[in-house]
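Peer 1: If you scroll down you'll find the structure; I have some questions about it.
The values are calculated or read from the model by the stated rules, or taken from the named source; none is laboratory data. All values reported here derive from a predicted model rather than from experimental measurement. Glycine gets a Cβ as well: all are built from the backbone with ideal geometry, and neighbour counts include every protein chain shown. What goes into the accessible areas is simple: the full protein's heavy atoms, side chains included, and nothing from ligands, DNA or RNA. Shrake-Rupley method; radii C 1.70, N 1.55, O 1.52, S 1.80 Å.
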Amino acid sequence: MPREWMNRDPTAIANFLLGESAFRRIHLAEALAHYRDAVASDSTFVVAALRGAQAASWNHRRTEAEELVQVALRHPMAPRYLAFARGYVAYLGGGGDSAANFLPAPIADDPAKAVAWRQLGGVYSHLPPLTRH
């Protein structure tokens, strides 16, 4: 089991999973509320903070997205999550090139990681990098 899931508050995990369900149904406000609750139950739950940031961004709540990414960055995390977080910070800040440099790392680590692919696609859709990657 990855360390991101070990010793987690069961309430935080339940809220995270409810958030994932809502996110997949594109019920973004509901998803964001669940991710917020997960982070409120366990402020070190990096994965919930990062997914909350995505839900906030898709809800056009950029400031909240930036805050949630910063919550995640205050805690140790696996390299793939750190690269994703750094790429997301760059994306939120308008740095297409930086985002495109960071986001392939989580994809290389787990090619089935749909959220990383989706985010990299968002970079190329909204902030086309100036250099080819």
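Peer 1: Quick one: with all protein chains in place, what share of the accessible area of the range 19-70 is carbon or sulfur, to the nearest percent (1.4 Å probe)? List each step's numbers first, then the result.
Peer 2: Working: 1180 of 2310 Å².
Accessible surface attributable to carbon and sulfur in the range 19-70 totals 51 percent.
Peer 1: Report the gain in length on full extension from Ala108 to His27: 0.36 nm times residue separation, minus Cα-Cα distance, nm rounded to one decimal.
Peer 2: Numbers: separation 81, 0.36 × 81 = 29.16 nm, distance 2.88 nm.
Here the answer is 26.3 nm.
Peer 1: In addition: So how do 18-29, 87-98 stack up, highest first, on mean other-Cβ count within 10 Å?
Peer 2: Working: 18-29: 15.7, 87-98: 18.8.
The densest-packed peptide leads the list: 87-98, 18-29.
Peer 1: Once the Cα gyration tensor of the range 45-133 is diagonalised, what are the square roots of 5 times its eigenvalues, in whole Å and ordered largest first, as equivalent ellipsoid semi-axes?
Peer 2: Values: eigenvalues 66, 48, 24 Å².
Over the Cα atoms of the range 45-133, the semi-axes work out to 18, 16, 11 Å.
Peer 1: With charges only on Cβ, +1 for K and R and -1 for D and E, what is the dipole size of the range 1-128 about its Cα centre, in debye, rounded to 20?
Peer 2: Values: 13 positive and 12 negative charges, 30 e Å.
Here the size comes out at about 140 debye.
Peer 1: Report the gain in length on full extension from His126 to Ser43: 0.36 nm times residue separation, minus Cα-Cα distance, nm rounded to one decimal. All intermediate terms of the calculation are to be shown ahead of the outcome.
Peer 2: Working: separation 83, 0.36 × 83 = 29.88 nm, distance 3.03 nm.
Value of the extension gain: 26.9 nm.
Peer 1: Ok, one more. Once you list every other residue whose beta carbon is under 12 Å from the beta carbon of Leu18, what net charge do they have if Lys and Arg are +1 and Asp and Glu are -1?
Peer 2: Working: positive: Arg24, Arg25, Arg36, Arg51; negative: Glu20, Glu30, Asp37.
The answer is +1.
Peer 1: Over the chain, average the accessible area per residue using a 1.4 Å probe and give it in Å², no decimals.
Peer 2: On the way: 6960 Å² over 133 residues.
Here the per-residue accessible area is 52 Å².
Peer 1: Sticking with this one: Taking 0.36 nm per residue of sequence separation and subtracting the Cα-Cα distance, how much length would be gained by fully extending the chain between Leu17 and Asn59, in nm to one decimal?
Peer 2: 13.3 nm
Peer 1: So if I place +1 on the C-beta of Lys and Arg and -1 on the C-beta of Asp and Glu, and nothing else carries charge, what would the dipole magnitude of the range 75-133 be about its Cα centre? I want it in debye, nearest 20.
Peer 2: On the way: 5 positive and 3 negative charges, 8 e Å.
Taking the Cα centre of the range 75-133 as origin, the dipole is about 40 debye.
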